[in-house]
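Asker: So that we are looking at the same thing, I have put the structure below in structure tokens.
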Amino acid sequence: MKNILVTGGAGFIGSNFVHLMLERGGFERLINLDALTYAGNLDNLSDIENDPRYTFVKGDIRDAELIASLFVQYEIDTVVNFAAESHVDRSITDPLSFVSTNVVGTQTLLDAAKNHWKVDPTDKYSNQYKPGVKYLQVSTDEVYGALGREGMFRETTPLSPNSPYSASKASADLMVRAYHNTFGLPCNITRCSNNYGPYQFPEKLIPLMINNAKAGKSLPVYGDGMQIRDWLHVKDHCAAIATVLEKGVDGEIYNIGGNNEKANIYIVKLILETLGKGEELITHVKDRPGHDRRYAIDNTKITTQLGWAPAYTFEEGIAETIQWYLSHQEWMDKILSGDYQNYYERMYKNA
Ligand code: NAD
Ligand code: TYD
């Protein structure tokens, strides 16, 4: 691994991954390609933006010409694709943008990787690639659909996505599979459960509830709040991705999860309790259409075959996360006012 292209590195998980990689080292350059949609926030990276190993490029993963130029200019040998439309509720109102970014964007990246990494790109029957190259697709447990009370998602669980978001992620996974099976592209897919931690956009459950509770606003719980998610600290997710980059067997899928199944209502009440606020702030609102009831990850493959294990317990992680949001009110205010979107202009206008 010499030159890594990280896409979507200004988002929640991507920015945590950029931080982790710069801490760990072991490569020459990390290029962060991000379109800076509403979910991209360069404030997440302000502490590392002058690191000589780091380069930010504003651009779209669907822009084949730009991607090709980055592969050539920076001699990219590793791609980690985080870039995506990621919010289920938005996918219900605008499915097309999810298909466009998540499916077409992934295919555009795969094509670039195939064309630049093949030893002889003119030979369509050769599956010989330069040594050490790797494409890693960051996917989600939501591609497996919903579980009842029992059972867990394994890598062999059939894909059964229910929302336009998860359907677009499953489609992207199938495209990665096809590029491996048809063209021999060295790749991995990781499927992680719900993440929590610093820099998450406050449209998602945990930062939204912390923010509303702090402001004394009502906390909108969908339906009965008994939907279960399997929560993993974002730093544990990023460490798992780094492990797959290092040790993952080409063509393999790895589920990532920390065995922390919690009902939404439990988390909402925990946030209220930590902030010293009363449960009267909870408002049960109309349920999300097609709402998946339960997710749970079986992480046996990655723990036994690659030796990854989560470092955080849920209790430590959630306490630290709540404190992080409380002590980063300025970060939150800039998002709420929309000011974070001017960062690029301010920072890069002369670049
Ligand atoms: P996010 O919405 O916080 O960040 C997405 C980033 O991608 C943003 O910076 C955005 O500007 C960028 N982006 C969007 N469209 C783009 C495009 N066309 N070209 C370039 N950049 C673009 O998302 P996240 O929560 O950090 O999730 C990152 C990845 O991890 C996604 O692929 C998501 O499906 C997956 N995932 C997320 C979770 C979770 O709990 N958040 C769990 C499992 C998997
Ligand atoms: P979310 O953070 O949107 O992640 P995902 O839909 O990918 O799991 O939601 C987590 C859970 O919280 C999900 O069951 C929906 C629920 N939820 C609410 O009850 N109220 C809210 O305002 C939000 C954003 C989510």
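The values are calculated or read from the model by the stated rules, or taken from the named source; none is laboratory data. Note that this is a predicted model, so its numbers are computed, not measured. When we count neighbours, we look across all protein chains shown, and the Cβ atoms used for this are built from the backbone with ideal geometry, even at glycine. The area values use the complete protein model at the heavy-atom level, side chains included, leaving out ligands, DNA and RNA. Shrake-Rupley method; radii C 1.70, N 1.55, O 1.52, S 1.80 Å.
Asker: Among P131, T55, A10, whose Cα projects farthest towards the positive end of the dipole of the range 1-136, with charges put on the beta-carbon of Lys, Arg (+1) and Asp, Glu (-1)?
Answerer: Working it through, the farthest residue towards the positive pole turns out to be P131.
Asker: Turning to a different aspect of this structure: Report, by chain and number, residues whose modeled amide H sits under 5 Å from the one on L219, excluding near sequence neighbours (fewer than 5 apart, same chain).
Answerer: The answer is I282, T283.
Asker: Tally up the carbon and sulfur contribution to the accessible surface of the range 61-142 as a whole percent, 1.4 Å probe, everything protein left in place.
Answerer: Numbers: 1900 of 3620 Å².
After summing per-atom areas, the C and S share lands at 52 percent.
Asker: Count the net charge of all other residues whose Cβ sits under 10 Å from the Cβ of H233, scoring Lys and Arg as +1 and Asp and Glu as -1. Mind dumping the intermediate values first?
Answerer: Working: positive: K235; negative: D236, E316, E320.
With Lys, Arg at +1 and Asp, Glu at -1, the net is -2.
Asker: Sticking with this one: Setting aside same-chain residues fewer than 8 positions from K301, which lysines have a Cα under 16 Å from its Cα?
Answerer: Within the straight-line limit of under 16 Å, K301 reaches these lysines: K247.
Asker: Hey, what angle do you get for helix 234-247 against the long axis of the chain, alpha-carbon based, 0 to 90 degrees rounded to 10?
Answerer: Compared with the principal axis, the helix lies near 20 degrees.
Asker: How much mean residue ellipticity at 222 nm does the chain get from its helices, if each DSSP H run of length 4 or more adds -39500 (n - 2.57) and you divide by all residues, to the nearest 500 deg cm²/dmol? Working shown, then result.
Answerer: Values: 13 runs with 138 residues, N = 351.
Theoretical 222 nm ellipticity from helices: -12000 deg cm²/dmol.
Asker: A further question follows. Angle between the Cα long axis of helix 64-74 and the longest principal axis of the chain, 0 to 90 degrees, nearest 10?
Answerer: The two axes meet at around 70 degrees.
Asker: I would also like to ask the following. Could you tell me the relative contact order of the range 191-338? Use alpha-carbon pairs under 8 Å, at least six residues apart, and round to a whole percent. Could you put the intermediate results ahead of the total?
Answerer: On the way: 202 pairs, mean separation 52.6, N = 148.
Relative contact order comes out at 36 percent.
Asker: Could you please report the charge total around A213, scoring K, R as +1 and D, E as -1 over all other residues with beta-carbon less than 15 angstrom from its beta-carbon?
Answerer: Numbers: positive: K204, K214, K217, K269, K277; negative: E273, E279, E280.
Charge balance in the 15 Å sphere: +2.
Asker: A follow-up question, please. At 1.4 Å probe size, with every protein chain present, just tell me what the per residue accessible area of the chain comes to in Å².
Answerer: On the way: 14990 Å² over 351 residues.
I get 43 Å² per residue for the chain.
Asker: Right, here's the next one. I'd like the carbon and sulfur percentage of the solvent accessible area for the range 157-303, probe radius 1.4 Å, heavy atoms only, ligands and nucleic acids excluded. Provide the component values of the computation, followed by the final result.
Answerer: Values: 2820 of 5470 Å².
Here it works out to 52 percent.
Asker: Identify, among Q305, A319, Y344, the residue whose Cα sits farthest towards the positive end of the charge dipole of the range 303-351, taking +1 on the Cβ of Lys and Arg and -1 on the Cβ of Asp and Glu, with the dipole about the Cα centre.
Answerer: Projecting each Cα onto the dipole axis, the largest value belongs to Y344.
Asker: How large is the accessible surface of T321 in square angstrom, using a 1.4 angstrom probe and rounding to the nearest 10?
Answerer: 0
Asker: From the convex hull of the Cα coordinates of the chain, what is the mean projected area in square nanometres? Please list the in-between numbers first.
Answerer: On the way: hull surface 68.3 nm².
Approximately 17.1 nm², given one-decimal rounding.
Asker: For Cα pairs less than 8 Å apart in space and 6+ apart in sequence, what is the mean separation divided by the residue count of the range 1-85, i.e. the relative contact order in percent?
Answerer: 43
Asker: Roughly how many debye, to the nearest 20, is the charge dipole of the range 35-147 about its Cα centre, given +1 on each Lys and Arg Cβ, -1 on each Asp and Glu Cβ, and no other charges?
Answerer: Values: 9 positive and 17 negative charges, 86 e Å.
In debye, rounded to 20, the range 35-147 gives about 420.
Asker: Within a Cβ distance under 13 Å of M21, other residues only, what is the Lys/Arg minus Asp/Glu net charge?
Answerer: Local net charge: +1.
Asker: Counting other Cβ atoms within 10 Å of each Cβ, which GluC sites (Glu not before Pro) in the range 126-157 have at most 12 and sit in a DSSP loop? Intermediate values should be presented prior to the final figure.
Answerer: Working: sites: E142, E150, E155; in loops: E150, E155.
Answer in residue order: E150.
Asker: If you don't mind, there's one more thing I want to ask. To the nearest Å, what is the center-to-center distance of the range 159-190 and the range 254-269, using C-alpha atoms only?
Answerer: Using only Cα atoms, the two centres lie 24 Å from each other.
Asker: I would also like to ask the following. Taking 0.36 nm per intervening residue step and subtracting the Cα-Cα distance, what contour gain separates S160 from E49 on full extension? Intermediate results must be reported in sequence, preceding the final value.
Answerer: On the way: separation 111, 0.36 × 111 = 39.96 nm, distance 3.97 nm.
Using 0.36 nm per residue and subtracting the Cα-Cα distance, I get 36.0 nm.
Asker: Let's test the formula: R0 of 30 Å, r as the Cβ-Cβ distance of K2 and A178. What FRET efficiency results, to the nearest 0.05? Could the numbers behind the result be given before it?
Answerer: Working: r = 27 Å, r/R0 = 0.89.
My answer for the efficiency is 0.65.
Asker: List the relative contact order of the chain as a percent without decimals, with contacts defined as Cα pairs under 8 Å and 6+ residues apart.
Answerer: It comes to 18 percent, rounded to a whole number.
Asker: How tilted is helix 164-183 with respect to the longest principal axis of the chain? Cα atoms for both, answer in degrees (0 to 90, nearest 10).
Answerer: Taking Cα atoms only, the helix is inclined about 20 degrees.
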